[in-house]
Each structure stands twice: as structure tokens, then as C-alpha cells.
Amino acid sequence: MAKVKVKQVKSGIKKPQNQKRTLEALGLKKIGQVVEHENTPSVMGMIAKVNHLVSTEEA
């Protein structure tokens, strides 16, 4: 299955609690941090929830 790289580009400060938890579930803690996940519907749904805080790239 394809992989997707997710990079946090904005802070989760002053964002709703569900968005903070979504960032944490993706494994993102700091701005500039990059994590790699399988391209599954659940991961893509999490990315869509915090699309304004992250950037994505196919790996």
C-alpha cells in the first residue's frame, strides 16, 4: 500500500481539543516534524480534519 508523509506546518495552540487530539494521533508534536503513515481511509480522514495545520506528500 502507498505511504503518505505528513508534516506539521502550524501550531495546535488555540485550536479545538479534537484537532489537538488528531495531531497527537498522527504522531505530530512539533512544527516541522514529519511522520509517515500508510495511505488508509482512516489516516486520510484524520489528515482532512487538520488539513489547515499539516502538509502532505506521497512517499
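The values are calculated or read from the model by the stated rules, or taken from the named source; none is laboratory data. Predicted model, so just to flag it, every value in this text is computed and none were measured. Glycine also receives a Cβ, built like all others from the backbone with ideal geometry; neighbour counts cover every protein chain displayed. Keep in mind that these areas ignore ligands, DNA and RNA; they rest on the heavy atoms of the full protein, side chains included. Shrake-Rupley method; radii C 1.70, N 1.55, O 1.52, S 1.80 Å.
5 Å is the cut-off here: which amide hydrogens, built 1.01 Å from N in the peptide plane, fall below it relative to residue 54, excluding neighbours closer than 5 in sequence?
Amide H neighbours of residue 54, under 5 Å, 5+ apart: 9.
If you build the convex hull over the alpha carbons only and average its shadow over all orientations, what do you get for the chain? Give it in nm² to one decimal.
3.5 nm²
Skip the ligands, DNA and RNA, and give the accessible area per residue of the chain with a 1.4 Å probe, whole Å².
That works out to 69 Å² for each residue.
Using the alpha-carbon atoms, what tilt in degrees (0 to 90, nearest 10) does helix 17-26 show relative to the longest principal axis of the chain?
30 degrees
Which one of 16, 2, 47 is farthest out on the positive end of the charge dipole of the chain, using unit charges on Cβ (Lys, Arg +1; Asp, Glu -1) and the Cα centre as origin?
Looking along the dipole axis, the top candidate is 16.
In the stretch 1-55, what is the count of Lys pairs whose alpha carbons are under 17 Å apart, counting only pairs at least 8 residues apart or on separate chains?
Counting lysine pairs in the stretch 1-55 gives 21.
Say each of residue 10 and residue 30 gets a label point 7 Å from the Cα, pointing the same way as Cα to Cβ; how far apart are those two points in nm?
Those two pseudo-labels are separated by 2.2 nm.
How much of the accessible area of the chain, probe 1.4 Å, is carbon plus sulfur, in whole percent?
After summing per-atom areas, the C and S share lands at 52 percent.
From Cα pairs below 8 angstrom and at least 6 apart in sequence, can you work out the relative contact order of the chain, rounded to a whole percent?
Relative contact order of the chain: 55 percent.
222 nm [θ] for the chain, helices only, -39500 (n - 2.57) per DSSP H run of 4+, per residue, to 500?
Calculated from helices alone, the mean residue ellipticity at 222 nm is -9500 deg cm²/dmol.
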